[in-house]
Amino acid sequence: MPLSSYLKEKRQKKAISQKEVADQIGRIRHQFISNIERGASKPPVDILKKMCAIYEIEEEEMKTQFVIDSVAMARQEAEEKWNQAFAPKEASRSAESWLML
C-alpha cells in the first residue's frame with residue numbers, strides 16, 4: 001500500500017479531518033495533508049513522527065511503511081531510467097530489421 005493511502009486510512013480510522021491533523025501538527029495547512037494523501041507530496045520524516053502521535057501508531061510501523069514506499073518509488077524510478085536508456089536502441093534495431101526485409 002502506498003504511504004499516501006496508508007496515511008489517509010489511518011486518519012480516517014481516527015475520524016479526524018485533514019484540517020484537524022494540520023492544526024495538531026502546526027505551521028502547515030490542510031492542503032498539505034491533502035497533497036500527502038493524494039501522493040502529490042512526500043511528507044518529511046518530522047511530520048511523519050508527529051502523525052504517529054496523532055494517529056496513535058508506533059513509530060516503527062510508520063518507519064516500515066515509509067521504507068517500503070521509498071523502495072517502491074526508487075525501484076520504479078530505476079526501471080524508468082533503464083527503459084529510457086534502452087528503449088530507443090531496441091526501436092532502432094526493429095527499424096533496421098524492417099528495412100532489411
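Structure data summary
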read-out	value
Debye intensity ratio in log₁₀ form over the Cα atoms of segment 3-100, taken at each q of 0.10, 0.13, 0.14, 0.22 Å⁻¹	-0.41, -0.54, -0.59, -1.09
Label point distance in nm, Thr64-Ser5, each placed 7 Å from Cα along Cα→Cβ	1.7 nm
Value of [θ]222 nm, deg cm²/dmol, for the chain, DSSP H segments ≥ 4, -39500 (n - 2.57) each, nearest 500	-26500 deg cm²/dmol
Exposure rule at most 13 other beta-carbon atoms within 10 Å, DSSP loop GluC sites (Glu not before Pro): the chain longest free segment	1-55
Electrostatic dipole magnitude of the chain [Cβ: Lys, Arg +1; Asp, Glu -1; Cα centre; debye, to 20]	340 debye
Length released on extending from Glu56 to Ile28, taking residue separation times 0.36 nm less the Cα-Cα span	8.1 nm
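Read-outs: derived from the displayed coordinates by stated rules, not from any lab. This is a predicted model, so every value here is computed, not measured. Reconstructed Cβ throughout: ideal geometry from the backbone, glycine too, with neighbour counts over all protein chains shown.
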